[in-house]
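A short reminder: the numbers here are calculations on the coordinates, not readings from a lab. All figures in this text were calculated on a predicted structure; none of them were measured in a lab.
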Amino acid sequence: MGKSLSELRDFAVDKKGENETVYAYFFLRRLSPFFTWIFLRLGASANMITFLGLVMAVAGSFMFYSTSLVYWVIGWVMYQLYYVLDCSDGEIAVLTDSTSDFGGFLDKISHPITNSFIIYVSAFGAYRMTGSVPLLTFSASGGIMFTLLSLLGEYGNDEAHSGGYSPRDKNIIRKAIDTGKHLVTSPGGITHPLAGFLALDAITGGSWRIFYPVAASTAATFLVIKRFRSIKEDMK
């Protein structure tokens, strides 16, 4: 409870160093201690921070319904704050010894909910910009795919954090592939396609961001196919 900011930084990095995405290891875990330090002094519980992050992500999703690039950028920034809070709630739970089954359940379902929701809303945003029904249909199906993945146990919280960066892991190629998969299927990270599309929009004045839900839906479709093949193999 009385840890300094420097101690919280060391704790945050050590806490997930063995099983973390590259973006989380090098950015989120460097930023989350500032929030953790504030929340600890405010007496906020881990579950409160989880709820706050969930609200932040859902509110950010609605920004993608707009046709304005500014609102899409705001939505993306809100999602980055959600991911920081997602790190902070776990740190608070451990530091205050307040881990619980409910907190673990809430944290586990937050990623499937938020990552599905952003695709649903961005699909409608893309439709408002283009008027294309096929684009809306295919893009919105990505949200359904993510929901299906979560029900199949493919994209729960543990899965979302697996395949991450560890300075002690020697299998760099496998880690790079797994990390790339989650960069595509999760709206966090400056190397994520959504950030790239937004940058292209800002530079060219175009509407490249309409391809985000398409890219996410395509990735989700391949993951669902992979998951069903795995289930089929297990049943043999």
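In table form, for the structure just shown:
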{"quantity": "Reciprocal of mean inverse Cα separation for segment 66-128 (Kirkwood radius, Å)", "calculated": "13.4 Å"}
{"quantity": "Difference of contour (0.36 nm per residue) and Cα-Cα distance, residue 232 to residue 68", "calculated": "54.6 nm"}
{"quantity": "Length added when fully stretched, residue 45-residue 130, from 0.36 nm per residue minus Cα-Cα", "calculated": "26.2 nm"}
